[in-house]
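Data first, discussion second: the structure below is written as C-alpha cells.
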Number of protein chains: 2
Amino acid sequence: MITTRNISRFWEWGRKIICVGRNYADHAKELNNPVPTEPVLFLKPPSAYVTQGSPILVPSYCRDLHHEVELGVVIGRGGTDIPQGSAMDHVAGYALCLDMTARDVQDVCKSKGLPWTLAKAFNTSCPVSEFIPRERIPDPGNVTLWLKVNDQMRQKGCTDQMVFSVPHLISYISGIITLEEGDLILTGTPRGVSAVQEHDELQAGIQDVVTMSFKVNRKEHQ
Amino acid sequence: MITTRNISRFWEWGRKIICVGRNYADHAKELNNPVPTEPVLFLKPPSAYVTQGSPILVPSYCRDLHHEVELGVVIGRGGTDIPQGSAMDHVAGYALCLDMTARDVQDVCKSKGLPWTLAKAFNTSCPVSEFIPRERIPDPGNVTLWLKVNDQMRQKGCTDQMVFSVPHLISYISGIITLEEGDLILTGTPRGVSAVQEHDELQAGIQDVVTMSFKVNRKEHQ
Ligand SMILES: [Mg+2]
Ligand SMILES: [Mg+2]
Ligand SMILES: [Mg+2]
C-alpha cells in the first residue's frame, strides 16, 4: 500500500496525539485540580480523530461526556530535545480541536490510580477542524477559542492564559517523546467545560480564523 | 513522501500501541494491585519503538526502570467491534515486546490520579523483536515467555496464565478504539518484574520461536 503524506490531512497519517491537561489555571480550578508545576501529558491514538461531517459518539460506558475546546499544534518537522528558542520552526500549522472526555470515567480512573485511556482515547474523542497554516496564526499565545452547545456559549478563552506556552510544550514533550511530522499537540482547555448529550450540536471557533461544527450521537451497543 | 507498508516492519509505520496492564494474576499481586474484572488499557506512541541494535534509554527523571516481558499481537486487518469468535482473523502475527516502565514515576502517577504517560510512553519504552508470522505461534494462549538480566533469569511465564485471552482483548479493545493494520497490542506481563540499571544487558525470548537482546543506557540530560 502507498500513502502520500499531505500535512493538510495530518489526521489520515499522523502517528500520535499528545495532550496537555490543566494548562489553563481557571480550568484546573473548576475541576478542583492543582495548577501543575510541569505539563500533565496524556495520549490519544490517531483512531480518535473525527472531522466535520461525521458525528461525535458518546461511548456506551459514558454518562457524562464533556467538551474541551483546545488549540492543536501540528508538527511539520520532527525532533528530540528541541530547544524552546527554535521550537516554533517545528510547527507546520494548527487545528482547532476538541478533547472529548468521559468525565465520569476519568473521575473513577483518577480515584483508582488507573490510566486515563477509557476517558480520553475512545473513537471520536478528537474532533479536528481543517488544517490552519502557521501564517494564519502569527501568535499562538494570543488567540481566542470559543465553543457553543446548541447556540449557547460555553467556553471562551484566550491562549494567553496558558500555564505553559506552545514553545515550552514542544520543548518539554520532545525531551521525553520524539516528535514526528504529522503529530498533533493539544494544548489544554480554558474553563467552561460541560456535559453534552445525544443530538446536541457543537460549534467551535478560533476568532477570525476557523469554525467547525459536530453533532453528538450515542454509540450503539454491540 | 511515499511509504511502503510491510507488516514485518510494523514499527516503522504502525500508528498505535495498546497495552494491557495486570493481565497475569501473579504479576498484579506482586505490585499489590487487584486482579481486574475488565482489561486495564494504556497507550504508548509509536516513537516508543526500539529494535535490537539500539539501546534502551533510562529517562533522565527515572530512578527505577522496570522490565516487563510481554507477548505483542500485530494486527493485520483492522476493525471496530470485532467479535471474539473472529478476532484471530485480524492477527497478522506477533512480536516479543518489553513494556519498559518507570516504576517510581508510575507510583507517583497512581497516587496522584495522573495519567501514566511519563511512566510508560517515553522514547525506547517499547523494545520489540523481529516480526513473528502467525503460523509460528499456533496458540498464543500457550507459549512461554522469559527474560534474563545479565544472564540471570528474572521472568518466566506461560501465556495460559492470562486473565483475558488474546481474542478477548482484541474484541474488547476494538469496541472502544478502532484497530488498524500495523497496530500492536501488548498483552501484559507475568510476575518477576525488576529494576534494570545502566550497562545491564537484557535477553528475552519466546520458547522455540525468537530471542532478542538489548543494552540499557542512560539518556543524557539536555
Ligand atoms: Mg495514558
Ligand atoms: Mg483537555
Ligand atoms: Mg506491562
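Just the C-alpha atoms of the protein assembly as shown: what Rg/Rh do they give, with Rh taken as the Kirkwood radius?
0.95
Once you've got the Cα coordinates, tell me which of B:K44/B:K112; A:K29/B:K219; A:K16/B:K156; A:K112/A:K215; A:K110/B:K16 are over 30 Å apart.
As for pairs spanning more than 30 Å Cα to Cα, those are A:K29/B:K219; A:K16/B:K156; A:K112/A:K215.
Using a Gaussian network model of chain A with C-alpha springs under 10 Å, which one of A:L118, A:L186, A:L57 is most mobile by mean-square fluctuation?
With Cα springs under 10 Å in chain A, the top fluctuation among A:L118, A:L186, A:L57 is at A:L118.
Karplus couplings for segment B:9-25 from phi (6.51 cos²θ - 1.76 cosθ + 1.60, θ = phi - 60°), rounded to Hz, Gly and Pro as x?
Listing the rounded values in order: 10, 4, 5, 7, 9, x, 9, 7, 10, 10, 10, 10, x, 6, 9, 10, 4 Hz.
Expressed as a fraction of 2.2 N^0.38 Å, the rule-of-thumb size for a compact globular protein of N residues, what is the C-alpha radius of gyration of segment B:9-216?
0.93
Of the residues B:L145, B:L43, B:L184, which exhibits the maximal mean-square fluctuation in a Gaussian network model of chain B defined by a 10 Å Cα contact cut-off?
Sorting by GNM fluctuation, first place goes to B:L43.
So how far, in whole Å, is the C-alpha centre of segment B:49-128 from the one of segment A:29-59?
With segment B:49-128 and segment A:29-59 each reduced to a Cα centre, they are spaced 21 Å.
Cα to Cα, under 14 Å, and not fewer than 8 places away if on the same chain: which aspartates and glutamates meet these conditions relative to A:K148?
Straight-distance partners of A:K148: A:E68, A:E70, A:D200, A:E201.
Which value at 222 nm does chain B reach when only helices count, each DSSP H run of 4 or more adding -39,500 (n - 2.57), with the total divided by all residues and rounded to the nearest 500 deg cm²/dmol?
-3500 deg cm²/dmol
Pop a pseudo-label 7 angstrom from the Cα along the beta-carbon direction at both B:D64 and B:R5 and give the gap in nm to one decimal.
4.0 nm
Give me the distance in nm between label points sitting 7 Å out from Cα along the Cα-to-Cβ direction at A:S54 and A:H168, one decimal.
3.4 nm
List every residue whose amide H lies under 5 Å from the amide H of A:V40, counting only residues 5 or more places away in sequence or on a different chain, with H placed 1.01 Å from N in the peptide plane.
Amide H neighbours of A:V40: A:G21.
Once you charge only the Cβ atoms, +1 for Lys and Arg and -1 for Asp and Glu, what is the size of the charge dipole of segment B:41-186 about its Cα centre, to the nearest 20 debye?
Computed about the Cα centre, the dipole is about 420 debye.
How big is the Cα convex hull of segment A:144-189 in projection, averaged over all directions, in nm²?
Taking a quarter of the hull surface, the average projection is 4.3 nm².
Separation between the A:D26 and A:D208 pseudo-spin-labels, each 7 Å from Cα along Cα→Cβ, expressed in nm?
Each label point is offset 7 Å from its Cα along the Cβ direction, giving 2.0 nm.
Find which of A:A102, A:Q84, A:Q207 sits farthest along the positive direction of the dipole of segment A:9-218, computed with +1 on the beta-carbon of Lys and Arg, -1 on that of Asp and Glu, about the Cα centre.
Ranked along the dipole, the leading option is A:A102.
Assuming R0 = 30 Å, what is the FRET efficiency of A:R77 and A:S111, from their Cβ-Cβ distance, to the nearest 0.05?
E(calc), rounded to 0.05, equals 0.15.
Using a Gaussian network for chain B with springs between C-alpha atoms less than 10 Å apart, which of these wobbles most: B:C19, B:C109, B:C158?
B:C109
Take peptide A:185-193, look around each residue's Cβ out to 10 angstrom, count Cβ atoms belonging to other protein chains, and average those counts.
Other-chain Cβ atoms within 10 Å of each residue's Cβ, averaged: 0.
Run the paramagnetic zone check for B:K156: 7 angstrom along Cα to Cβ, then residues of segment B:1-43 with backbone nitrogen under 20 Å.
Flagged as within label range: B:24-28, B:30.
No value in this document is a laboratory result; all are computed from the given coordinates. Keep in mind it's a predicted model, so treat the numbers as computed, not measured. Quick reminder, even Gly has a Cβ in these numbers, built from the backbone with ideal geometry, and neighbours come from all protein chains shown.
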